[in-house]
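Contents: one structure, followed by commentary.
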Amino acid sequence: MQKSKLQFKIQNLTELTLIETIQALKEKQFSEEELNKAYLDRISTLNPELNIFLEVKKNTRGIPAAIKDIIVTKGIRTTAGSKILSNFIPPYNATVIDRLLEHGISVIGKTNCDEFAMGSSGENSAYGPTKNPWDPTKVPGGTSSGSAASVAGDMCVFSLGTDTGGSIRQPASFCGVVGLKPSYGRVSRYGTIAMASSFDQIGPITKCVDDARMVLEWTSGGDSYDANCQKEKEKFTLQPSRLQVGLKGLKVGVPKEYFGKGLDKGVEKIIKEAILKLEELGAEVVEITLPHTEYGVAAYYILVPSEISSNYARFDGIRFGHARDQFGSEPKRRIMLGIFALSSGFYDDYFAKAAKVRTLIKQDFERVFEKVDVIVGPVSPTVAWNLGEKIDDPLKMYLSDAYTIPASLAGIPGLSIPCGFADNLPVGLQILGKHMNDELVLNVGEIYEQATDWHLKKPDLRFKI
Ligand code: GLN
């Protein structure tokens with residue numbers, strides 16, 4: 001009998017996508033024990049060098065997923081990358097974890113992240129930086145650093161991250177994997193340790209777009225523990241891919257503000273090639289303008305610290321965790337900034353103004369989405385930078401999120417998919433859609449993905465194996 005393509009691939013069991021893994025398990029091509037052992041072997045070989053996992057579970061069954069260590073897991077230590085929570089064993093699961101367990105997923109480990117998801121490089125973790133599997137001298141991006149790196153290094157079938165201002169999309173881009181920040185309100189935030197509650201979203205990091213669609217389907221939908229989460233799950237049922245029709249009839253907007261002087265030339269070239277590909281696939285590409293983009297970073301760094309200063313009052317050292325002196329410098333900086341921005345006398349000049357800018361940015365998108373179906377551009381102005389390069393310059397670090405922050409301010413969905421390499425490092429294409437139109441974003445991503453093979457490229461991990 002002829003062997004199927006899947007059977008050939010199974011020699012590299014850890015390279016299978018989620019959908020392939022489910023199929024192979026159904027066909028009993030290997031057992032759950034073999035699957036978990038294969039991943040655990042890879043983790044024990046690679047983790048000492050890359051510092052991706054903070055906690056690894058032995059003897060797991062089911063399909064192994066890696067979970068950002070800011071999402072609480074019952075009985076499994078959850079630190080949020082902070083010394084404050086170094087002894088915190090949550091007594092409950094986040095909603096997303098319960099939903100994954102219902103689908104036969106197991107938590108193989110908890111992944112390293114910037115402390116309380118504040119940062120862009122993974123270097124703010126109190127447990128040392130994660131390294132990029134493509135080049136261990138580079139950052140993996142942040143703050144879902146370990147979650148993106150674990151997928152890139154085939155150390156899990158998929159992972160979950162969180163995105164407040166780019167923390168799923170940017171590390172996915174730096175690590176050459178797929179990352180989806182769902183629409184705000186699509187996935188319950190219950191059980192994710194909050195950074196800024198009006199921004200935070202949990203989302204999948206996967207080996208292909210179809211997997212991201214499946215994880216979104218599993219994890220999204222109303223939750224009585226998160227009042228902002230959409231109740232009507234059915235209303236947003238994901239559409240099957242429109243692969244047959246390609247991108248004919250689709251209008252793609254390219255914001256000129258995302259191609260300014262901050263954009264690295266190598267990245268620009270790759271993104272422009274990806275846009276040409278979309279045109280080749282039948283899309284109509286038009287230039288658009290999102291005029292308030294330039295104020296995004298400034299507004300974000302008023303609003304987010306303001307929410308942080310309120311949210312972080314819970315870390316009082318009494319109920320759980322250690323004393324407040326265990327906060328690292330980035331949380332301290334943000335708590336102080338937020339208290340300042342909210343204090344009487346400064347509130348109108350800072351918080352109220354930033355909130356108005358947020359509305360203007362939202363309106364920029366709404367106006368544009370009357371004319372186009374999706375927006376595409378770079379995820380990040382650069383590829384992964386050197387470890388240590390920006391750590392002493394918070395402002396430089398903040399500015400690196402200029403292209404991901406606007407979508408976070410507007411609460412719209414954003415996908416990062418691999419679209420090429422610059423300086424031998426992965427580049428991600430960002431696809432943005434209307435609020436709650438995550439399925440279109442995923443479909444466009446999948447059509448692009450199937451017409452190229454960037455998502456199949458793997459880092460050469462011979463430095464260790
Ligand atoms: N880099 C941004 C910040 O530091 C975004 C982080 C995130 O999305 N969690 O806030």
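Summary of computed values
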| item | result |
| --- | --- |
| Under 12 Å, Cβ to Cβ, from LEU263 - net charge with Lys/Arg +1 and Asp/Glu -1 | +2 |
| Lysine pairs with alpha-carbon atoms under 21 Å apart, region 77-182, spacing 8 or more or separate chains | 4 |
| Order of THR164, THR21 under a 10 Å beta carbon neighbour criterion, fewest first | THR21, THR164 |
| Ranked TRP454, TRP218, TRP134, criterion: other C-beta atoms within 10 Å, fewest first | TRP218, TRP454, TRP134 |
| Within the chain: Cβ-based charge dipole about Cα centre, in debye rounded to nearest 20 (Lys, Arg +1; Asp, Glu -1) | 500 debye |
| Descending principal axes extents, region 350-462, alpha-carbon based, whole Å | 52, 40, 17 |
| Nearby aspartates and glutamates by direct alpha-carbon distance to LYS457 (threshold 18 angstrom, same-chain neighbours under 8 apart not counted) | GLU15, GLU20, ASP135, ASP154, ASP210, ASP211, GLU273, ASP423, GLU446, GLU449 |
| Listed residue (VAL297, PHE174, MET155) projecting farthest to the positive dipole end of the chain, Cβ model | MET155 |
| Inter-centroid distance (Cα atoms) of region 177-193 relative to region 241-297, Å | 24 Å |
| Proxy reagent accessibility, fewest Cβ within 10 Å first, across LEU13, LEU456, LEU85 | LEU456, LEU13, LEU85 |
| Value of relative contact order over the chain, rounded to a whole percent, pairs C-alpha under 8 Å and six or more apart | 18 percent |
| Student exercise, region 243-287 dipole from Lys, Arg, Asp, Glu Cβ charges, in Debye to nearest 20 | 40 debye |
| Longest exposed-site-free window of the chain, the sites being GluC sites (Glu not before Pro) in a DSSP loop that have at most 10 other C-beta atoms within 10 Å | 1-231 |
| Dipole in debye (nearest 20) - region 263-411, about Cα centre, beta carbon charges: Lys, Arg +1; Asp, Glu -1 | 580 debye |
| Rel. contact order, % - alpha carbon contacts under 8 angstrom, at least six apart, region 328-465 | 22 percent |
| Alpha-carbon centroid distance for the pair region 356-392 / region 81-124, whole angstrom | 26 Å |
| At q = 0.07, 0.14 Å⁻¹, base-10 log of I(q)/I(0) for the chain (Debye sum, equal scatterers on each alpha carbon) | -0.31, -1.37 |
| Reach of LYS332 by Cα under 18 Å, taken over aspartates and glutamates that are not fewer than 8 positions away in the same chain | ASP114, GLU115, GLU123, GLU307, ASP316, ASP392, ASP393 |
| Built amide H within the under 5 Å cut-off of SER106, gap 5+ | ILE63, ALA65 |
| Set LYS362/LYS396; LYS28/LYS207; LYS207/LYS434; LYS231/LYS390 screened for pairs whose C-alpha atoms are more than 30 Å apart | LYS231/LYS390 |
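No lab work stands behind these numbers, since they all come straight from the coordinates. The structure presented is a predicted model; accordingly, all values stated were derived computationally and were not measured. Every residue, glycine among them, receives a Cβ derived from its backbone with ideal geometry; neighbour counts consider all protein chains shown.
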